[in-house]
Amino acid sequence: MPANLSVQYHAAEKRYREAKDPDEKIEALEEMLSIMPKHKGTDHLRADLRTRIAKLTAETQKKGGKRASIYNIHKEGAGQVALVGLTNAGKSSLVALMTHANPDIGDWAYTTKMPLPGMMEYENIKIQLLDLPALDDHSAHTWMPGALRRADYLMLVIDLSRDPLIQMRDITDELAKLRTGIGNRPSDYGIKPAIIIGSKSDHPKGRSNYDSLCRKYSDQFEIISTSTENMVGLENLRRLVFNALNIIRVYTKAPGQQAALEKPVILKQGSTVQDAARQLHKDFANELKYTVIWGSGKYDNQRVKRDHILADGDVVEFHI
Ligand SMILES: Nc1nc2c(ncn2[C@@H]2O[C@H](COP(=O)(O)OP(=O)(O)OP(=O)(O)O)[C@@H](O)[C@H]2O)c(=O)[nH]1
Ligand SMILES: [Mg+2]
């Protein structure tokens, strides 16, 4: 075992050894895997962790795997964005408005008890929003680290009717307890990318609280404000989430056919023609003779090499 594994790794390993049920063991193993540095010296150990996770997952599935499936929300769409914040910040109200999901909303504390996914439409794609219990609801802290780790992005929901800076401090502290880092504060657990939504901008103090939030945090996070009461800022929210995910939409077509513009292939920003081909079929990329593209090339209808970097909206025609 490499000698330089962190204190956090050993803490996770201890949790793994002491865990009673397979789901807890899987959680701990996933955490060990996410903490472990990725280089040649850890290849073996990482493969071993993956094997153990696969074995345990197969076992829990055989037994019905109820607990795992309740808290482990299956990812769908172009990315998963988890909503985090203190109680009553307006997380569930946003999910209710932006998706077809039906979360409970209430002005009492700790309304949301379980993770609840909803699909948010952005132009021709869907992005999954994940409503979560309040970060200060400690009864959810057993399973929240896993949910936060699996999410692609965090949406910090800050209630603009209350002091935003105190909320940010409390959120950062609770996230640290949940073994998740954000922004430029040093973290032992790796930093999860995050955006900030200032909610309840309709409140009389909304504007000044938004301004003080931006003054302190706009160098670390993208920040916008919304009101589900007045329906303000919701289109900005869709666009901000899409941009944050760093994804592009590429339309593939066969020669002589129309591109399916309603069915983009979703790729990471910086992906190449070869990556797009591989997404269609894993062997397809090897058989590529040449590719013609419309969009980010210098000219439309241009032949490009397989390492050509694609842009959002490109149409790609593969010739094999
Ligand atoms: N004025 C105003 N009130 C809002 C807005 N969004 C939510 N609320 C109210 O804030 C309260 C809490 O909303 P929720 O959406 O349940 O908050 P939450 O963050 O999901 O709360 P927990 O589930 O307890 O973590 C409710 O009474 C909502 O009606 C808003 O934009 N403006
Ligand atoms: Mg809620």
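Miscellaneous remarks
- Residue pairs meeting the criteria (Cβ under 9 Å; at least 6 apart or on separate chains; first among the hydrophobic types (A, V, I, L, M, F, W, C), in segment 225-236; second outside any helix (DSSP H, G or I)): 232/201; 232/202; 232/225; 232/226; 234/226; 234/227; 234/228
- Residue ID - nearest to residue 125 (Cα to Cα), chosen from residues in segment 306-320 that are in contact with a helix residue (DSSP H, G or I) (Cβ under 7 Å, 6 or more places away or on another chain) and part of a loop (DSSP other than H, G, I, E, B): 310
- Helices (runs of 4 or more DSSP H) lying entirely in segment 26-130 (those with 1 or more residues that are closer than 22 Å to residue 167 by Cα): 91-98
- Filter result for the condition that a residue is in the same structural domain as residue 93 (by TED's automatic domain parsing) and over 25 Å from residue 128 (Cα atoms), over 185, 149, 239: 185
- Residue check for residue 291: at pLDDT below 95, surrounded by 19 or more Cβ atoms within 10 Å (Cβ to Cβ) and on the phi < 0 side of the Ramachandran plot: yes
- Filtered by the rule that a residue be touching a residue at least 60 places away in the same chain (Cβ under 8 Å) and buried (at least 19 other Cβ atoms within 10 Å of the Cβ), segment 31-44 gives 31, 35.
- Of all residues making up segment 140-151, the number that are in contact (Cβ under 8 Å) with a residue 40 or more places away in the chain and of a type in the set (A, V, I, L, M, F, W, C): 4
- Whether a residue is surrounded by 20 or more Cβ atoms within 10 Å (Cβ to Cβ), more than 8 Å from ligand 1 (Cβ to nearest atom) and in contact (Cβ under 8 Å) with a residue 24 or more places away in the chain was assessed, and residue 120 passes this test.
To keep it simple, each residue is scored yes or no on (1) closer than 25 Å to residue 98 by Cα; (2) surrounded by fewer than 17 Cβ atoms within 10 Å (Cβ to Cβ); (3) within 18 Å of the chain's Cα centre (by Cα).
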{"position": "213", "(1), (2), (3)": "yes, no, no"}
{"position": "216", "(1), (2), (3)": "no, yes, no"}
{"position": "221", "(1), (2), (3)": "yes, no, yes"}
{"position": "235", "(1), (2), (3)": "yes, yes, no"}
{"position": "242", "(1), (2), (3)": "yes, no, yes"}
{"position": "255", "(1), (2), (3)": "no, yes, no"}
{"position": "262", "(1), (2), (3)": "yes, yes, no"}
{"position": "267", "(1), (2), (3)": "yes, no, yes"}
{"position": "278", "(1), (2), (3)": "no, no, no"}
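- For beta carbons closer than 6 Å, sequence separation of 6+ or different chains, a first residue in segment 253-277 that is in the same structural domain as residue 305 (by TED's automatic domain parsing) and at pLDDT 95 or above and a second that is surrounded by 10 or more Cβ atoms within 10 Å (Cβ to Cβ) and in a helix (DSSP H, G or I), the qualifying pairs are 267/275.
- Candidate set from segment 105-114 (those that are more than 7 Å from ligand 1 (Cβ to nearest atom) and either buried (at least 22 other Cβ atoms within 10 Å of the Cβ) or more than 19 Å from the chain's Cα centre (by Cα) (or both)); member that is nearest to residue 231 (Cα to Cα): 108
- Verdict on residue 39 being out of contact with any strand residue (DSSP E or B) (no Cβ under 8 Å at 6 or more places or on another chain) and at pLDDT 90 or above: no
- Qualifying residue in segment 128-139 (condition: in the same structural domain as residue 90 (by TED's automatic domain parsing), more than 16 Å from ligand 2 (Cβ to nearest atom) and in contact (Cβ under 8 Å) with a residue 24 or more places away in the chain): yes
- Pairing residues of segment 92-114 that are in contact (Cβ under 8 Å) with a residue 12 or more places away in the chain and on the phi > 0 side of the Ramachandran plot with residues that are within 9 Å of ligand 2 (Cβ to nearest atom) and small (Gly, Ala, Ser), at Cβ distances under 9 Å and at least 6 apart in sequence or on separate chains, gives 110/134.
The values are calculated or read from the model by the stated rules, or taken from the named source; none is laboratory data. Remember, predicted model here, so these are calculated numbers, not experimental data. We place every Cβ from the backbone using ideal geometry, glycine too, and count neighbours over all the protein chains shown.
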